[in-house]
Every structure is written in structure tokens, then in C-alpha cells.
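In what follows, a structure is listed as C-alpha cells, so that the remarks can point back to it.
The values are calculated or read from the model by the stated rules, or taken from the named source; none is laboratory data. In this text the structure is predicted, and so the values were computed from the model without any measurement. Cβ: placed from backbone, ideal geometry, glycine included. Neighbour counts: every protein chain shown.
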Amino acid sequence: MACLAWLLLASMGLIITNVAQIFFCGADPTDGFTAVPLSDQNFEIEWPYNLPRSDRYSYVDGVHKFWVYSTDKPLRPDSATKPRSELRIRGYDYSSGVWQFEGYGFVPNGTTGTSVMQIHRFSPSTVLMLKVYDAQLRFYTRQVVESDIYNRWMRINVIHDVDANKLAVYVDGVRRLETDGNGASLFDFKCGVYTQTEPSHYMESRWRDIRVLKKD
């Protein structure tokens, strides 16, 4: 009888272990997505209008480097926005479906008060911003997405389900944020540096292996 009870407990333990492996096994955020083709024509760089592009952006050995000063001009003379050096992905604006941005981002020590990645929309201006404040990556200024981000490469995946009005952010394959969007519009992805409140004088981010993916 004791032997039978032991066998039953062992079997239950095996079942529970298998179920845990099924439900808690970490899937890659790109599973079920297909990357769309990207070329230089899809990468539109925005930088202060009174400077050469090379003064605020470089692309060397596969790494996009963006930097800006808090005293810089905006991207156009008639713009009331703050200084930026950003890459905007063109040709894949979307208004429905499930889309994903993937890239490896790097923020050097000292950069703060800037957006390093955003989902831009036409009205209002954004549905998501990943901002840097004092070594933290935040969803806007509210929720901490990742801490201790300085001086290391991070794999960042941002998923936008337009029809379900849902957003998810993954850092190094781990989901760090899930939240609601703010409704329908036409959207595109951006990364780089875009000055926000209480910025450092100098702001910089680097990005490599940028991809855009669409749900199969």
C-alpha cells in the first residue's frame, strides 16, 4: 500500500514537472513572426537641421550611433520639438495586424532624459516610448522596464498588436512590459535619441541588427 502511494506521488510529481516545463519554457519573442526586407532606403535619419548629418549620426561596422546635445536645434526650422538624432523606419507604416521591432541597443553611462525607442503615430504623437532615466529603461516615465542598462548591449523586442490594442516589451528575451495601446492610427518604429525632460547635456545610443517583423 505504501509502495502504491509512493508510485502515485512520484507519477504526480512527474506530471507537474512536465506541465511546468510546458508552460514556463521561455519562447523567443520572434516565434511566429517573419522579418520583412530592410535596406538603406527604409532608414530615414532625422538630426538637427543646421548641422551635417555626420555631426550627429554615424554607421560603422554595422552599428548605428546617434548623439545629440540638449542645446541642439530641432529637426526642422519650423519644428517646436526638442533635439533628436533618430532612425525612422519607412515603407512599413502599419495600421492593423501584429508588428514587431527588434534591435540591440546600447546606452553609455551618463545619458539620461531621452527616448531611445518609440512607436510613432500620427495623432497623438506616440503609442510607446522607451526612455532612459538614471540607468533605467522606462515606459515613458512611469514603469521601469529594465535597470542597470548603461554600457551593455540589450536585445530589445517591442510587439504591437494593433487590433487587440496591446503592447509588449522584451529585454534579452524576457517579457518586461505588457500594457494597452491608445487606439488606432498609422504607426512606424523609431530608435536613436530624442530629448525629453531633465536631459543630460550629451545623449547617445547605439543600435545594431535592427529588424522589423510581422506576425505570420
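Data for the structure
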{"read-out": "Some residue of the stretch 68-91 being surrounded by 14 or more Cβ atoms within 10 Å (Cβ to Cβ), aromatic (Phe, Trp, Tyr), modelled with pLDDT of 95 or more and over 16 Å from the mean Cα position of the chain (by Cα)", "value": "yes"}
{"read-out": "Selected residue [aromatic (Phe, Trp, Tyr), modelled with pLDDT of 95 or more, surrounded by 15 or more Cβ atoms within 10 Å (Cβ to Cβ) and more than 18 Å from Pro199 (Cβ to Cβ)] from Tyr133, Tyr170", "value": "Tyr170"}
{"read-out": "Pair list, Cβ < 6 Å and 6+ apart or interchain, from the stretch 189-208 residues that are touching a residue at least 40 places away in the same chain (Cβ under 8 Å) and surrounded by fewer than 24 Cβ atoms within 10 Å (Cβ to Cβ) to residues that are outside any strand (DSSP E or B) and not small (Gly, Ala, Ser)", "value": "Thr195/Lys82; Thr195/Pro83; Ser200/Thr111; Ser200/Thr112; Glu204/Pro108; Glu204/Thr111"}
{"read-out": "Selection within the stretch 90-128 - in a strand (DSSP E or B) and free of Cβ contacts under 8 Å to residues at least 12 places away in the same chain", "value": "Thr126"}
{"read-out": "Near pairs, Cβ below 9 angstrom, 6+ apart or cross-chain, from the stretch 25-44 (more than 16 Å from Phe189 (Cα to Cα) and hydroxyl-bearing (Ser, Thr, Tyr)) to any residue that is assigned to a loop (DSSP other than H, G, I, E, B) and at pLDDT 95 or above", "value": "Thr34/Asp216"}
{"read-out": "Hits in the stretch 35-61 - residues which are loosely packed, with under 10 Cβ neighbours inside 10 Å and either closer than 25 Å to Asp93 by Cβ or at pLDDT below 95 (or both)", "value": "Pro37, Ser39, Asp40, Gln41"}
{"read-out": "Residue that is surrounded by the fewest Cβ atoms within 10 Å (Cβ to Cβ), among those in the stretch 92-130 that are among the hydroxyl-bearing types (Ser, Thr, Tyr) and within 20 Å of Arg175 (Cα to Cα)", "value": "Tyr104"}
{"read-out": "Filter pass, Asp148 being at negative phi and not in a strand (DSSP E or B)", "value": "no"}
{"read-out": "Filtered residues of the stretch 162-195 (kept if under 19 Å from Arg90 (Cα atoms) and part of a strand (DSSP E or B))", "value": "Phe187, Asp188, Phe189, Lys190, Cys191, Gly192, Val193, Tyr194"}
